[in-house]
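In what follows, a single structure is set out as structure tokens and then discussed.
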Amino acid sequence: MEDFSTCEISDALIKLGSPHGGHLPDIYCVSPPLALSSLPEKGSDVEGIRVEGPAYTVKMVPFHDQVAPKPEIHFVDGVKEDSVVVIDAPLSVKSAVWGGLMSFGARARGAKGVIISGLCSP
């Protein structure tokens with residue numbers, strides 16, 4: 001994917017039927033140096049920060065959920081090299097889904113980054 005521009009990827013997603021070309025509203029970069037200042041204004045162009053790679057998706061569920069499938073290994077242990085970990089955590093979950101140990105494990109397995117929808121740390 002490194003060979004394609006954002007516009008080319010968006011156009012391809014639209015042709016494949018993805019609404020809005022894959023645009024995900026309300027996602028903001030909080031990685032350094034932005035985490036040390038403030039979140040960017042909507043519509044601003046953040047230069048120099050880009051994460052790309054195959055998505056390694058994780059759907060978190062509440063602990064008491066007995067219907068959701070339970071993987072045989074911890075999700076971080078399944079991260080593939082050069083992937084971007086994408087985690088969806090329900091808003092009802094008040095505990096963190098990511099922290100230092102998860103970062104260490106994902107980095108050791110070659111993940112390029114993580115995107116989290118939900119609580120990252122308490």
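Take R50 and H64, extend 7 Å from each Cα along the Cα→Cβ direction, and tell me the distance between the two endpoints in nm. Between R50 and H64, the label points sit 4.6 nm apart. The accessible-area ordering, largest first, of the residues F63, F104, F75, F4 stands as F63, F104, F4, F75, per a 1.4 angstrom probe.
The values are calculated or read from the model by the stated rules, or taken from the named source; none is laboratory data. Only a predicted model underlies this, so the values are computations on that prediction, with no experimental measurement involved. With ideal geometry, Cβ positions are generated from the backbone for all residues, glycine too; neighbour counts draw on all protein chains shown. Side chains included, ligands, DNA and RNA excluded: accessible areas come from the protein's heavy atoms. Shrake-Rupley method; radii C 1.70, N 1.55, O 1.52, S 1.80 Å.
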